[in-house]
Amino acid sequence: MFSIQDILYGGCLPAVVAVLSFVTASRVLPERVGSRYASAAALTLGFLAGYAMLALGPWAAESHWHWLPYALLIASVAGPIAAAEGVHAVERWLMFALMGGVVAWFLVPDWDDLQPSWAVHASVLAIYIACLAGGLESLARRIPGPLLPATLWMTLSAAAVALALSGSLRFAQIALAGAAAMFGLTLLAWFRPTKTSLVGCGFAVAVLTAGALLIGRVNSFSEVPLATYLLIPLAPLALFASLAGPLSRSEGFKGVVVRLALPILLLGIAVGLAIAAEAGSEEMDYSMRQLPQRLNASPIQLDALL
């Protein structure tokens, strides 16, 4: 159960810091620079505020997952650079892949018993982050307003739920700090839809979401399936379905609901798989606890069991 401190520092503070950071960056930086850096800086600073106030990890990295805040800082600089005008799409994807490899180098643990191996984990994570970042950047350029921020807020919230189900409240709090920061950007986009853009933020979102789920999976002994960890970050990409065809013709509040339906469905499936897996695991644990009692049953009870 979350305390008042968790709610204030992990929920309210990141949202407030994100809003203030975005507004400040938009006003202080030149327009072309601010339009690329504001959202990435807001997400990162909001997340770091929650991470620091809740003391979610040491600043001097002692384990692989302690590098996540630094990975997000790298992403908040690299993402806006890749989003600059004049950068070719191929160059942007190559930069995402290269920096995704750097992030994966630090986030994937080098345990001898890691299965699959470190090389496989790092390669898959780097490619996954690069593809996710490229897709999110494309959506940020095509979908203005609060729709994309709201989808990313729900995605990070679903990641927090999955991480809690996987057995780590600390990792869940890390994802919630990011979700709270994105909620601040969602509110800002709701009230200032033409002045709030997530261009330049896609790489940071990809690193935070995929990175948090990666560290949660490799440190978990739960039955949460791999599909849950893979589906959640991909859910926002379902918004591409609303850029053409029947979904693109819906307008107003109905249009927002229709466009959100597919990402919400994917998030629901991912979280549902985790819940079902954990429920099945609890039933198995209960059955195993009952086994000694059955083995020590009296002859009459044995006859009944047979």
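The values are calculated or read from the model by the stated rules, or taken from the named source; none is laboratory data. Every value quoted in this text rests on a predicted model; they were computed, and no experiment measured them. Cβ sites come from the backbone with ideal geometry, for glycine too, and all protein chains shown count toward neighbours. Ligands, DNA and RNA are stripped out before the accessible areas are found, and what is left, the full protein with its side chains, is counted by its heavy atoms. Shrake-Rupley method; radii C 1.70, N 1.55, O 1.52, S 1.80 Å.
To keep it simple, each residue is scored yes or no on (1) surrounded by 11 or more Cβ atoms within 10 Å (Cβ to Cβ); (2) modelled with pLDDT of 95 or more; (3) not in a helix (DSSP H, G or I).
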{"site": "T209", "(1), (2), (3)": "yes, yes, no"}
{"site": "S220", "(1), (2), (3)": "yes, no, yes"}
{"site": "E223", "(1), (2), (3)": "yes, no, yes"}
{"site": "A235", "(1), (2), (3)": "yes, yes, no"}
{"site": "L267", "(1), (2), (3)": "yes, yes, no"}
{"site": "A274", "(1), (2), (3)": "yes, no, no"}
{"site": "M288", "(1), (2), (3)": "no, no, no"}
{"site": "P292", "(1), (2), (3)": "no, no, no"}
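Does E62 qualify as being open to solvent by 50 Å² or more (accessible area, probe 1.4 Å) and either in contact with a Cys (Cβ under 8 Å, 6 or more places away or on another chain) or farther than 19 Å from Y37 by Cα (or both)?
yes
Answer yes if at least one residue in segment 70-79 is open to solvent by 70 Å² or more (accessible area, probe 1.4 Å) and over 24 Å from A38 (Cα atoms), and no otherwise.
no
So for segment 174-195 (the condition being touching a residue at least 60 places away in the same chain (Cβ under 8 Å), in a loop (DSSP other than H, G, I, E, B), buried (at least 24 other Cβ atoms within 10 Å of the Cβ) and touching a Gly at 6+ places or on another chain (Cβ under 9 Å)), does at least one residue qualify?
Within segment 174-195, none of the residues are touching a residue at least 60 places away in the same chain (Cβ under 8 Å), in a loop (DSSP other than H, G, I, E, B), buried (at least 24 other Cβ atoms within 10 Å of the Cβ) and touching a Gly at 6+ places or on another chain (Cβ under 9 Å).
Testing P144 on (1) of a type outside the set (D, E, K, R); (2) in a loop (DSSP other than H, G, I, E, B); (3) without any contact (Cβ under 8 Å) to a residue 60 or more places away in the chain; (4) open to solvent by less than 10 Å² (accessible area, probe 1.4 Å), one condition comes back false. Which one is that?
The single condition P144 does not satisfy is (4).
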